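Working notes, beginning with the structure itself.
Where a number appears in this text, it was derived from the coordinates with a stated rule and is not lab data. Note that the structure is a prediction, hence the values are computed from the model and not measured. So basically every Cβ, Gly included, is an ideal-geometry build from the backbone, and we count neighbours across all protein chains shown.
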Amino acid sequence: MNATIEAPAPSAAPVTTPNPRAKRQRDFDPWAWRPAVSAPQLHCEISLKTVFAQKLLQQLFGRLQVALYGMSVTIPIMERDMGATGSKLADVFQRSHQHLTHVQHTTTERYRQWLQAAGAPPAISYQAQTRHFPVFCPNAKRALEHFSAADNMIQLLDQLWYANVLDATQHKRAVLETCAQVKNFSREMEGLWLRSKAAVLRAQATPKSPADAVTQADQQATTDPAIESSLAA
C-alpha cells in the first residue's frame, strides 16, 4: 500500500497594514501646497539658464517654502506667542542665509577674476526657463536669491571651462559643489522645521502643572486652522 504524501498548504502572505502618514508624504506635492487660510502672498518670477539651477529649484524650493512658512508663521501660532522658538528659528535662518550669501558672493567674485585674467569670456547660450509662482513669507522670497546666485555661478564656471581655465573634471566638481551648497541650506531648514514642530508638540502634550493642563485643553478646543493645515502636511 502506497502512502500518500500531501504537500503542505501554502502559507498565507503576511498582511501589511498601510501607513496613511507614509502615503500622505509620498503623495504630497510641495509645489501645490497652499496655506489653509488666506495668507498674504507675493507672486514671483525667476528665470534660470543652467539645467543644474533649474533642477535645484524644482527639487528643493517647494519643500523649502513649506519649511520657512512653518518656522516663521506656524510655530508662533502653535506657541500662542508665549514661546521663544519662533524668534530662535528666525535667528538661525538669518545666520544661515547670510553665511550662504557670503559664500556665493565671494566665490562669484573669484570666478570673475579668473575670467578677466583669461581675456574676453566666450559667449554661451542656454535654454532658459522662467517660472511664476507665489511665495507666502518673506524668508521664502529671500531664499530664492540662492537659486539665482547658483545659476550665475554655474554660468561663470561654464565660461571658465570653454576658456580652458578649468578642465572637465574641475568644472564638474565646482558645479556639484555649487549645487551642494544650496541643497545643504534647504535640507538644514527643512530639518529644523520638522524638529521644532515636533518639539513644540511634545511640549504641548506634557503640561507642567494642573493649571497648564487646563490651559492646554482650552487651546486645543480652539485650534487655529493654520496649525491643522501645517500638521497635516
Exercise. For every other residue with a beta carbon closer than 13 angstrom to the beta carbon of Ala199, add +1 if it is Lys or Arg and -1 if Asp or Glu, then tell me the sum.
Key: +3
Quiz prompt | Thr206 versus Asp29: modelled label distance in nm, points set 7 Å from Cα along the beta carbon direction | solution = 4.0 nm
Exercise. Obtain the nm distance between the two label points defined at Ala199 and Val37 by a simple spin-label model: each point lies 7 Å from its Cα along the Cα-to-C-beta direction.
Key: 2.4 nm
Practice problem: Give a residue-ordered list of calculated ³J(HN,Hα) values for region 92-109 (Karplus: 6.51 cos²θ - 1.76 cosθ + 1.60, θ = phi - 60°; whole Hz; x for Gly, Pro). | Solution: 5, 4, 4, 5, 5, 5, 5, 5, 5, 4, 5, 4, 5, 5, 4, 5, 4, 5
Quiz item: What ³J(HN,Hα) values, in whole Hz, does the Karplus curve 6.51 cos²θ - 1.76 cosθ + 1.60 give for region 130-143 when θ = phi - 60°, with x put for Gly and Pro?
Solution: 10, 10, 10, 6, x, 10, 10, 7, x, 5, 5, 5, 5, 5
Quiz item: Under a Cβ-Cβ cut-off of 10 Å, what is the net charge of the residues other than Val135 that fall near it, where Lys and Arg count +1 and Asp and Glu count -1?
Solution: +2
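For region 37-131, what class follows from the C-alpha gyration tensor (a ≥ b ≥ c being the square roots of its eigenvalues): rounded when a/c is under 1.5, otherwise prolate if a/b is larger than b/c, else oblate?
Oblate shape, in that a/c is at least 1.5 and b/c is the bigger or equal ratio.
Test of the criteria: in region 74-156, which trypsin sites (Lys or Arg not before Pro) are in a DSSP loop and have at most 16 other Cβ atoms within 10 angstrom of their Cβ?
Passing both the DSSP loop test and the Cβ count: Arg80.
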Practice problem: Please give the contour-minus-distance gain from Ser96 to Gln113: 0.36 nm per residue of separation, less the Cα-Cα distance, rounded to one decimal in nm. | Solution: 3.5 nm
Quiz item: Based on the Cβ-Cβ distance from Ser148 to Ala123, what FRET efficiency comes out when R0 is 22 Å, to the nearest 0.05?
Solution: 0.60
